[in-house]
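Accompanying notes for the structure given below.
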Amino acid sequence: MTTQPVLEKETLKGAGANYLSRVKAGDIGSLPAVLGLVSLIAVFGAMSEYFLTNRNFANLITQAAPVMVIAMGLVFVLLLGEIDLSAGYASGVCGAVLVLLVTNHGWSWYSALGASIVIGALLGTLIGTLVSRLGIPSFVVTLAAFLAFQGVLLLLAGEGGTIPIADKTILAVENSNLTPTQGWILWAVTSALYVVGGLNRINSRRRAGLVVELTQLWAMKTVALLIITGGAVFELNQERGLSATNSTKGVPIVAPLILVILVAGTFLLSKTAFGRHIYAVGGNAEAARRAGINVKRVRTIAFVLCSSLAAVAGMLFASRMNSISPSTGGSSTLLYAVGAAVIGGVSLFGGKGRMRDAILGGLVVAVIDNGMGLLGYGAGIQFLVTGAVLLVSAGVDAVSRRGALTN
Amino acid sequence: MSTPLLSLKGINKSFGPVHVLKDVDLDVYPGQVTALVGDNGAGKSTLIKCIAGIYTPESGEVIFAGQKVTIDGPRAATALGIEIVYQDLALCDNLDIVHNMFLGREEKKGVTLNETSMESLARKTLDGLNVRTVKSIRQTVSSLSGGQRQTVAIARAVLWNSKVVVLDEPTAALGVAQTEQVLNLVRRLADKGLAVVLISHNLNDIFQVADNIAALYLGKMAGQVKKSDVTTNQVIELITTGKSEGVTK
């Protein structure tokens, strides 16, 4: 006797109840980050009149961009239950390579950027090999790399300390904007692809006779997402220049770059066998090994991806500061990036998290940084608050994990 | 008895000075449940690891479907159609049932995973085993009960048109009702024509589902007998002393 797969007639109410029970069972996803972001924006918006302006909004994006990119790279490593403490200084080293090649050796921006990403990949290969083949804990390997890369950056930057960069393309990434029309085209094309992709998935599941996600719910989520992103594009397209002669408007160029990394990373993690294997190794490495997955290879590649994305972040630092200094990627960068991923919902225990968590968490960290700065609090208080937020989100992660285990 | 599908002859395996398996013979028949019993340290795990390709025996022959074969790694075992369901299940808690069933052998459409075809096939396999206890096959394994997890692990093993399924203490951690479910599933596997090897400490379970019983005693095969030819007490004697009145090897 065979049973037909029951096409469950879901209702919105049922979906809501489902979600609630998932949250209770410890599967909270990005809920804390979303709530945190909304309340932070409300508080800072009420306390500072400058916080909710277009200019600050654009500033927030460019400010958050490098940390978000490092955090997206860290997602791969954190999903394995590992850590990469050296990602911050890896971005500094790769940024220095980029700037040196352009400024001192006259390379074009694209070959220099390519070279710096290759260097990043090599650093990642070294770390990944030490962790996966020799079995040294990633905490120790990357702590050593953290110190070593700091030294390399000092040597590259030399005594004077700062290497400037004047390449127009590199500088444009963090300092220029798309024209309003380009911004709307970008929004329309991405939205269309998103909607078509979603409808395709629903249709192919329906054809195969599988349980289909509630279309109503999907439509509501999609419309909400389109309104939020459309609203952001609209706001960014308003004039925010300081003087009439210096017109500034449009979506910062770094936004589509982050979008590309987000889409590529999400595709890799959720649509390919390699992505599935990352989750498997993070969930139960022994099970993955017995299933025939090359665990060492997966580990190594995760570190390569992390350091390569750090190299991209190095380019963003160079663009934002117009230079590279011995402290680029140092100080709080790495902890902000780890914080961004964890606040967004990536589990430090491995096996749980998504690419977009890094974006969401990156926004939370940037909002705290930016808002506290506007309110006139010094770096001391900012570090204290960011540290507390990181601790709270790691605590939420641990508690929700315990909730899931005891169920 | 019919001809065995998998036949081990004179298997020896040592770890340093410890001679764990001594000239062990074992026959596994299609459509039958062969119970492998023995006290702790008798060599049951080592023996199945030799079948799984995790250990390579020092001497002895492995004959599969009439052909002499060497199983020199897990992949070689899989290629022959031998699947092992380990005691600690080897499932990833954070992945859903479909992902776990296809772990390491995902179906692809170009570079992307073919989720719909994997989900359909997983559904079909579970239905074929008459598994109705699982509500959604897209729930993560962490939300399943012990019996359901065991079911998923077994379903994964039969997904690949496997011919021999080795189950390492599948009911060890289960309650009464769930044990019953899993034992029924084990019986159905054999009734579908698979050769099933069942490792268990529980003689009730064994007498309920097994067709023949192989008892290991201190690394030697004390005897492989038909269930109908022995009593519980004789099996206990085989396990604890290595011999029993009236049981011929």
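Each peptide in A:305-313, A:125-133, B:221-229, B:164-172 was scored by the mean count of other Cβ atoms within 10 Å over its residues; highest first, the order is A:305-313, B:164-172, A:125-133, B:221-229. Put in order of Cβ neighbour count within 10 Å, fewest first, the listed residues B:Tyr217, A:Tyr50 become A:Tyr50, B:Tyr217. Convex hull volume of the Cα atoms of the protein assembly as shown, normalised per residue: 184 Å³. Taking Cα centroids, how far is the range A:289-333 from the range A:96-127 in Å? Cα centroid of the range A:289-333 versus Cα centroid of the range A:96-127: 13 Å apart.
Percent of C-alpha pairs per 5 Å bin in the range B:95-249, short distances first: 2, 8, 17, 18, 17, 13, 9, 7, 6, 3, 1, 0, 0. Counting Cβ atoms of other protein chains within 10 Å of each residue's Cβ and taking the mean over peptide B:104-116 gives 5. Of the peptides A:228-236, B:231-239, the order by per-residue mean of other Cβ atoms within 10 Å, starting with the highest, comes out as B:231-239, A:228-236. Among the residues of A:261-273, the average count of other protein chain beta-carbon atoms within 10 Å of the residue beta-carbon is 2. Each label was represented as a point 7 Å from its Cα along the Cα-to-Cβ direction; for B:Glu107 and A:Ser176 these points are 4.9 nm apart. When A:Met315, A:Met220 are arranged by Cβ crowding within 10 Å, least crowded first, meaning fewest neighbours, the order is A:Met220, A:Met315.
Note on the range A:26-133: Cα convex hull, mean projected area over all directions, 10.2 nm². Kirkwood hydrodynamic radius of the range B:31-97, from the reciprocal of the average inverse Cα-Cα distance over all distinct pairs: 13.8 Å. For the range B:63-181, DSSP calls about 55 percent of its internal beta bridges antiparallel. Once you divide the Cα radius of gyration of the range A:68-191 by 2.2 N^0.38 Å, the number left is 1.27.
Pairwise alpha-carbon distances in the range A:254-398 exceed 22 Å for 48% of all pairs. Peptides A:69-82, B:182-195 ordered by packing proxy, namely the average of other Cβ atoms within 10 Å per residue, highest first: A:69-82, B:182-195.
Legend: helices of chain B (whole DSSP H runs) are marked when their alpha-carbon atoms reach 20 angstrom or more along the helix axis and their mean Kyte-Doolittle hydropathy is at least -1.0; marked are B:176-191.
At full extension, B:Asn114 and B:Asn202 could sit 27.6 nm farther apart than now, given 0.36 nm per residue minus the alpha carbon distance. Taking each of B:Lys44/B:Lys226; B:Lys68/B:Lys163; B:Lys124/B:Lys227; A:Lys13/B:Lys109; A:Lys221/B:Lys124; B:Lys163/B:Lys220 in turn, the alpha-carbon distance tops 24 angstrom for B:Lys124/B:Lys227; A:Lys13/B:Lys109; A:Lys221/B:Lys124; B:Lys163/B:Lys220. Taking the Cα atoms of the range B:1-116, the ratio Rg/Rh between the radius of gyration and the Kirkwood radius comes to 1.04.
Bridge orientation summary for the protein assembly as shown: considering DSSP beta bridges with both residues in this region, about 60 percent are antiparallel. Taken residue by residue and averaged, Cβ atoms of other chains lying within 10 Å of the Cβ of A:279-290 number 6. The modelled label-to-label distance for the pair A:Glu49/B:Lys68, using points 7 Å beyond Cα in the direction of Cβ, is 9.4 nm.
In this label model, A:Ile41 and A:Leu391 are separated by 2.8 nm, measuring between points 7 Å along each Cα→Cβ vector.
Every read-out reported here was derived from the displayed coordinates using simple, explicitly stated rules and does not represent laboratory data. Keep in mind it's a predicted model, so treat the numbers as computed, not measured. Quick reminder, even Gly has a Cβ in these numbers, built from the backbone with ideal geometry, and neighbours come from all protein chains shown.
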